1. If the limit is 31 Å between Cα atoms, which of Lys318/Lys383; Lys111/Lys318; Lys323/Lys424 go over it?
2. Sum up the charges of everything whose Cβ sits under 12 Å from the Cβ of Glu89, counting Lys and Arg as +1 and Asp and Glu as -1, but leave Glu89 out.
3. Sort out for me the Cα centre separation of the stretch 127-199 from the stretch 447-490, rounded to whole Å.
4. At a Förster radius of 22 Å, what calculated FRET efficiency corresponds to the Cβ-Cβ distance of Arg106 and Lys444, to the nearest 0.05?
5. Which residue, chosen from Val293, Pro333, Ser346, occupies the Cα position most advanced towards the positive end of the dipole of the stretch 282-354, where the dipole is computed from +1 (Lys, Arg) and -1 (Asp, Glu) charges on Cβ about the Cα centre?
6. Which entries in Lys133/Lys470; Lys124/Lys203; Lys133/Lys228; Lys422/Lys445; Lys158/Lys203 show an alpha-carbon gap greater than 28 Å?
7. With the dipole of the stretch 437-488 worked out from charges on the C-beta (+1 for Lys and Arg, -1 for Asp and Glu) around the Cα centre, which of Val449, Met464, Leu481 lies farthest toward the positive end?
8. Would you mind checking the stretch 266-284 for residues with the amide N under 13 Å from a putative spin-label position 7 Å along Cα→C-beta of Arg457?
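Nothing in this text is a laboratory measurement; each read-out follows from the coordinates by a stated rule. As the structure is a computational prediction, the values presented were derived from the model and not from experiment. Here the Cβ is made from the backbone with ideal geometry for all residues, glycine too, and neighbour counts use every protein chain on show.
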Amino acid sequence: MKRWLLFIMIGFSVSSLAQYSGKYNWTKEDSLKGEAMIKTIEQSLDMFYAEYSPEGNYDSIIDALNYEPDAVPEFDDDVYCERLNVMNEMSPFHLDCNETTLSTIRFFVRKRRGFARVVLGRSKLYFDMFEEKLAKHGLPIELKYLSVIESGLRPQVKSRAGALGLWQFMYRTGRMFGLQENSYIDERMDPELATEAACRYLKKLYGIYNDWNLALAAYNAGPGNVNKAIRRSGNKLTYWEVRPFLPRETQGYVPNFIAAAYLLTYHAEHNIIPMEATIRYPQLDTMCLSKGVHMETMAKLLSMEQEEIELLNPIYKKSFIPKSNPPQCVSLPLTIIGDLVAMEDSLYALEDSLYNTPQSVTPPKQTTNQSGSDNGVSYQYHKVSSGETLGTIASRYGTTVAEIQRINGLRSTKIYVGQRLKVKKGASTTNSTPTQSTTTSSGKKYYTVRSGDTFGRIAQRYRMTQSQLKRLNPGININRLSIGQRIRVK
């Protein structure tokens, strides 16, 4: 979906321009206006996608239950069973409510709260894609929770046994389902390819056992161990009858799956507020490369952190993206990928200058020092923080937006968190922005509003609902926050 809306918008603008073909001589100024229009579209799309992935109704539920921020609610077993029954009505799974399941749920709601917060935040990057793949294969949507207990939604996590990726494929199983590995890539770590392979594997397992819980057990222990357990059980055909004969780890696997599915479904009822998502799946787009490129080169060209590129492209075992046929691709935020497409030639030229110079020539040393000089003018570096704009940075250093753009060769005012900007050394910092949060002598804690903040995001950052935050700030207009405004958060 993230592409068709962009294509429609661009297609509309192109078709509109085509009406004038042969009747108007386009100038460079018109081209710049067109580029500005595309950037406006991309920014608008990014804002739309940021709101696209819903946060759910946890805010209203927590408020209705009148929870305090640190409350750890628990419920009677009858409530847990009733909620599992509700989940069962909408699922082909057998989310059985028995003592084993209940004891696992009770452990999760007490000891896995932080894990649930983190996973709920990471889910914004993966669950949309999981659901799309599962629907394509006609599989239950609840299988998205399987990756939660397998990897905690971390694509580069590796088990002691050698299983790797979001879906923890062993090398042989991964090869069976088309996941390749060489010196530079391991497709077990590619979110989309591994999810596609997991869907095919799970579909095959269900076709063998005709029982989703046994299929999950086979996913964990392997069909061979499940078949042995079935024989030892007297050829029973349900998971709970076969469970005592399964390997010890697999005996806890399905209960863990059920507990995770329960907690992530009813996290609001347990006063668990999701961790703030840094990027969401619809906000990503891809570009395929015709040449081999180091991620460091890409980071330099785009003025972003190399670690961010690595995080969004876990398929690569090293920081080098090799040339191949078909070509390798890179995933980046929608707000950045357009710049990379426009500067593709510059990317390869910079790569050549950094890595392909003759050995007899010593390439210029790349430095990350915080100060230096250029043509006799001393400068220093400023690392962009969340919420900063060129305007606030210019004000801090007593310079202008145009001057910062000129020094750094910026074509627009768009900047990114972690970007290093060159500013004249010795510039005034008396107008520096206040710290994000301060604590008074009375113990009250305040947060200073920055560009891009909303009341909801501030509440989420401090693990509160909007209503709880509103009670700490009576009389505030939550829809009209201003940069520099102080919000009490404790």
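1. The answer is Lys111/Lys318; Lys323/Lys424.
2. Result for the neighbourhood of Glu89: 0.
3. 38 Å
4. 0.05
5. Value: Val293.
6. The pairs that break the limit, which is 28 Å between Cα atoms, are Lys133/Lys470; Lys133/Lys228; Lys422/Lys445.
7. Met464
8. 276-280
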